[in-house]
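Input: a single structure, listed below in C-alpha cells.
The values are calculated or read from the model by the stated rules, or taken from the named source; none is laboratory data. Computed from a predicted structure; not experimentally measured. Note: ideal-geometry Cβ built from the backbone for every residue, glycine included; neighbour counts use all protein chains shown.
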Amino acid sequence: MLADFFGIFGEFWDLYVQSMKETGIMVGYALLVSAVIGLFLGVVLVVTRPGHIYQNTLIYQILNVVINILRSLPFIILMVAIIPFTKSIVGTTIGVKGAIVPLVVYTAPYLARLMESALLEVDRGVIEAFQAMGATRRQIITRVILREARPGLILGLTIGTISLVGASAMAGVVGAGGLGDVAIRYGYQRWEPNVMITCVILLILSVQLVQSIGTVIAKKLRKR
C-alpha cells in the first residue's frame, strides 16, 4: 500500500506542484488585501467605540453589525451569493482569479475581529499618558496602539492565514484551482484515495509552517 501511495505521488507530482502554486497565489493575494482591509476595520472598530479617541456610536454599531453578518455566512454560500460581484470585479467566477474576491470578502471581516481583539489589549493607561503629553489622535493610533499590539496582530494574522488556507481548499469545489480542486477532481471524482490523502498532508504541512512562522515572529516582537 505504501508503494502504491508513493507511486501515485510520483504520477501526480507535477499536478501537486502546480496546485501548491495556485494555492499560494490565492492565499497570498487574498491575504494581502484582507489584511489591509481587516486592519483598517479593526482600528475603526476600536477607536469609534464608546469612550475611545474617535468615539462614534453610529459608525461603530453599523460596522459591528455588517461584520457580524459577513462572518456568519459559510464560505461556500458566500462564494455563490456574490458571483455577480466577483464577475464584475475580475471578469470570471472560476479559476484562481475567480476565487480571490470571495476569499477576501470571507477573510477580511474575520481578520477585522482578530485585529480588534489584539488592539483592545493595549493598556488604556498608555494611551491616556500619550494624550496627556499632547499626542494627536493619529499619532496615538500609529505610534501607540498599533505598535503596542504588534505581537497580537501577528498572531491574529497567522490565525487568519490558516483559515484562508482552509477556505482556498473549499474553493476547489467550484473549480477554483489549488489543492482543493485536485482533491475533488482526482481524489474524489476519480476515486484515488491516495491523491486525497496527499492533498490533506500538504494542507496540514502548510498550516504547520504558517503557524510556526507566526509564532516565532510574535515571540520576537514581544521581547523588544
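Given the condition under 17 Å from Arg71 (Cβ atoms) and out of contact with any Gly (no Cβ under 7 Å at 6 or more places or on another chain), answer yes or no: does some residue in region 165-178 qualify? Yes; the residues of region 165-178 include at least one that is under 17 Å from Arg71 (Cβ atoms) and out of contact with any Gly (no Cβ under 7 Å at 6 or more places or on another chain).
One residue stands out among those in region 81-98 that are in contact (Cβ under 8 Å) with a residue 12 or more places away in the chain and among the hydrophobic types (A, V, I, L, M, F, W, C): the one that is nearest to Tyr29 (Cα to Cα), which is Val96. Taken together, Val126, Val101 contain a single residue that is without any contact (Cβ under 8 Å) to a residue 24 or more places away in the chain and under 26 Å from Glu22 (Cβ atoms), which is Val101.
A single entry from Val200, Val174, Val210 fulfils the requirement of being modelled with pLDDT of 90 or more and under 28 Å from Lys97 (Cα atoms): Val210.
Each row is one residue, and each column tells you yes or no for (1) in contact (Cβ under 8 Å) with a residue 24 or more places away in the chain; (2) closer than 20 Å to Val36 by Cβ; (3) crowded, with 24+ Cβ neighbours inside 10 Å.
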| residue | (1), (2), (3) |
| --- | --- |
| Gln139 | no, no, no |
| Gly152 | yes, yes, no |
| Ile159 | yes, yes, no |
| Gly166 | yes, no, no |
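Among helices (runs of 4 or more DSSP H) entirely within region 113-224, having at least 3 residues that are basic (Lys, Arg) singles out 193-223.
Could you please find all residues in region 67-86 being under 15 Å from Ala171 (Cβ atoms) and either in contact with a Leu (Cβ under 8 Å, 6 or more places away or on another chain) or part of a helix (DSSP H, G or I) (or both)?
Matches in region 67-86: Phe75, Ile76, Ile77, Leu78, Met79, Val80, Ala81, Ile83, Thr86.
For region 109-129, the candidate set comprises residues that are surrounded by 16 or more Cβ atoms within 10 Å (Cβ to Cβ) and modelled with pLDDT under 90; within that set, the residue that is nearest to Val43 (Cα to Cα) is Val122. Pairing each residue of region 51-67 that is closer than 26 Å to Leu78 by Cβ with any residue that is surrounded by 15 or more Cβ atoms within 10 Å (Cβ to Cβ) and not hydrophobic (A, V, I, L, M, F, W, C), provided the two are 6+ apart or on different chains, yields C-beta distances under 8 Å for Ile59/Thr48; Tyr60/Thr48; Tyr60/Arg49; Leu63/Thr48; Val66/Pro109; Ile67/Pro109; Ile67/Arg113.
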